[in-house]
Every structure is written in C-alpha cells, then in structure tokens.
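Visitor: Let me give you the structure first, and then I'll get to my questions.
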Amino acid sequence: MTGHRFRCYPGRQQENILLRWIGCQRFIYNSKVKEDRYFRAFARKALSLTGQKPPIDQQYSQFIGPDTAWLREVPSQVLRNGAVRWKQAYSRFFQKLSGRPTIHGKGGEQGVWLTRELFAFEDDGEGGYHLRVGTKKHPLGRLRYVADRPHALPASIVISINAG
C-alpha cells in the first residue's frame, strides 16, 4: 500500500464544510467508543443472561436524533466512514496490534476519510487533475491541490488539517 501526501488549498467556505465533516466523523467514532464502553461495563451482564454478545458493528444511525440533527447536514458516507474507522481500530485491537479504541479529541492532526463515492479526479486537459469533492446533496466543489509527483487515482483519500 502506497500513500502520497499532497497539499490542498480549500477556499474559506470549503474549509468550513471540511471542518464540519471532520467533526461529524469524529463524533460518530467517539460515540462508537462510548457505546462500546457502555456495553463492556453494564450491558454485558444483562446480555450474558440472554446468551447474546455486545455488538461490534458499523451501525451509526442510532446516534442521529433530535439532539444531533446537525449530523444530517453531512453526507451519510462521512458518518459511515467514522463507524468503519472505529471498526478497523477494534479489529487492530483484536489482532493485538494496538490498544482498544479511545476518544479522539479536537487537538492535533485531524482528518476526514473519504471513499470513492465522495470524490472524483477530473482531468484538467493539461496533464493534471482537479479534485471534485462531495455529493449532489452536499457538494464541496472543486478542491485545488498541488501534486509534486505523478500518482495513480486512489480508492480513498484522507483530507487532514494540522497546525490550523
């Protein structure tokens, strides 16, 4: 697996949308961590009486409600990817590659993981590409980025922010 890091230059409005997407994905991830802690602490006792095990799944719809209606303002793929990130972290824990998933804070490097449904590289006609991000319902628009070397078209990307 090869990863490349390129610098992108979002506009002010694009930056605000990306920060919202990052926050919503982090919210879903942290909610899954809290849900897991709840099941391990309390519900395991009740579930063991019924012969069931605590869920380790990628569901996130239970976190969208009247108090969290703002989660509907981002593409569902962003929320799903937050749950998938938690599931991947939990899988690494079971493989003894890392510790149990923990709460992610706002500090430090943050990013939003985007899969193929949320972005497309468009040929600019001059041998380069433009990155179009978003969906029809939640468009981010064309994101300017600088590629200092040729690269293949990826299956997923992480747009991260560090040092503001």
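Visitor: Under a Cβ-only charge scheme (Lys and Arg +1, Asp and Glu -1), can you give me the dipole magnitude of the chain about the Cα centre, in debye to the nearest 20? Display every interim value, and only then the final one.
Guide: On the way: 27 positive and 13 negative charges, 157 e Å.
Charge dipole of the chain: 760 debye, to the nearest 20.
Visitor: Putting +1 on Lys and Arg Cβ atoms and -1 on Asp and Glu Cβ atoms, find which of N162, V146, Q58 reaches farthest to the positive end of the dipole of the chain.
Guide: Q58
Visitor: Now, a different point. How about the stretch 75-112: which trypsin sites (Lys or Arg not before Pro) there are in a DSSP loop, with at most 11 other Cβ atoms within 10 Å of their Cβ? Mind showing how you got there, number by number?
Guide: On the way: sites: R80, R85, K87, R92, K96, K106; in loops: K96, K106.
When the trypsin sites (Lys or Arg not before Pro) of the stretch 75-112 are filtered for loop state and at most 11 Cβ neighbours within 10 Å, K96, K106 remain.
Visitor: Using θ = phi - 60° and the Karplus curve 6.51 cos²θ - 1.76 cosθ + 1.60, what whole-Hz ³J(HN,Hα) does each residue of the stretch 75-80 get, with Gly and Pro shown as x?
Guide: For the stretch 75-80, the Karplus curve yields x, 4, 5, 5, 5, 4 Hz.
Visitor: Let me ask something additional. Take the solvent-accessible surface of the protein heavy atoms, probe 1.4 Å, and return the percent of it on the chain that carbon and sulfur atoms account for. Present the calculation step by step, with values, prior to reporting the outcome.
Guide: Values: 5490 of 10560 Å².
With neighbouring chains kept in place, the figure for the chain is 52 percent.
Visitor: While we're on this one: Among the aspartates and glutamates, which have Cα under 20 Å from the Cα of K137 when same-chain residues fewer than 8 positions away are ignored?
Guide: The reachable aspartates and glutamates, counting only those whose Cα sits under 20 Å from K137, are E15, E73, E117, E122.
Visitor: Say the cut-off is 23 Å between C-alpha atoms; which of K34/K136; K34/K87; K32/K96; K34/K106 go over it?
Guide: On the way: K34/K136 32 Å; K34/K87 13 Å; K32/K96 20 Å; K34/K106 16 Å.
Those over the limit are K34/K136.
Visitor: Counting each DSSP H run of 4 or more residues in the chain as -39500 (n - 2.57), what helix-only mean residue ellipticity at 222 nm follows after dividing by all residues, to the nearest 500 deg cm²/dmol?
Guide: Values: 3 runs with 53 residues, N = 164.
My calculation for the chain gives -11000 deg cm²/dmol from helical runs alone.
Visitor: Sticking with this structure for a sec: In degrees between 0 and 90, to the nearest 10, how far off the longest principal axis of the chain does helix 12-38 point, with axes built from Cα atoms?
Guide: Once rounded, the angle reads 20 degrees.
Visitor: Oh, and also: In the chain, once you exclude exposed GluC sites (Glu not before Pro) (DSSP loop, at most 12 other Cβ within 10 angstrom), what's the longest stretch remaining?
Guide: Working: sites that count: E109, E126.
Here the longest segment lacking exposed loop sites spans 1-108.
Visitor: Turning to a different aspect of this structure: What accessible area per residue, rounded to a whole number of Å², is obtained for the stretch 88-164 using a probe radius of 1.4 Å?
Guide: It amounts to 66 Å² per residue over the stretch 88-164.
Visitor: While we're looking at this one, here's another question. Which one of F93, V78, Q13 has its Cα pushed farthest toward the positive end of the charge dipole of the chain, where Lys and Arg give +1 and Asp and Glu give -1 at the Cβ?
Guide: F93
The values are calculated or read from the model by the stated rules, or taken from the named source; none is laboratory data. All figures in this text were calculated on a predicted structure; none of them were measured in a lab. Every residue, glycine as well, gets a Cβ built from its backbone with ideal geometry; the counts of neighbours run over all protein chains shown. SASA here: full protein model, heavy atoms, side chains in, ligands and nucleic acids out. Shrake-Rupley method; radii C 1.70, N 1.55, O 1.52, S 1.80 Å.
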